[in-house]
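Student: Below you will find the structure I want to go over with you.
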Amino acid sequence: MDLLKDLFTTDVGLMSATGIAFMLGMGVFFISYFRRHMREDAAKAVRDTGR
């Protein structure tokens, strides 16, 4: 329990929590970005080859 208290009450803990949240958000963004562009590229390839 002391770890969670330190994470959300100290300056270093808050910076760590902010960094963790930022990295998780960046991961979600990149996954959605790459999936969207892979779908668009696949649709374009199908459209260009006529299949």
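The values are calculated or read from the model by the stated rules, or taken from the named source; none is laboratory data. Note that the structure is predicted; figures quoted are calculated from it, not measured. We place every Cβ from the backbone using ideal geometry, glycine too, and count neighbours over all the protein chains shown.
Student: Mind listing whichever residues of the chain are polar (S, T, N, Q) and part of a helix (DSSP H, G or I)?
Tutor: Of everything in the chain, those that are polar (S, T, N, Q) and part of a helix (DSSP H, G or I) turn out to be Thr9, Ser16, Thr18, Ser32, Thr49.
Matching residues to (1) among the aliphatic types (A, V, I, L, M); (2) surrounded by fewer than 10 Cβ atoms within 10 Å (Cβ to Cβ):
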| position | (1), (2) |
| --- | --- |
| Leu3 | yes, yes |
| Leu7 | yes, no |
| Ala21 | yes, no |
| Arg35 | no, no |
| Glu40 | no, no |
| Ala43 | yes, no |
| Arg47 | no, yes |
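Student: Same structure, new question: Ser16 fails exactly one of the following numbered conditions: (1) in contact with a Leu (Cβ under 7 Å, 6 or more places away or on another chain); (2) at pLDDT below 95. What is the number of that condition?
Tutor: For Ser16, the exception is condition (2).
Student: Here's something else I'd like to know. Pairs only if they're at least six apart or on different chains, beta carbon under 6 angstrom, first in the range 13-37 and closer than 30 Å to Leu3 by Cα and of a type outside the set (S, T, N, Q), second surrounded by 10 or more Cβ atoms within 10 Å (Cβ to Cβ) and modelled with pLDDT under 95; list them, first residue then second.
Tutor: Cβ pairs passing all conditions: Gly13/Asp6; Gly13/Leu7; Ala17/Leu7.
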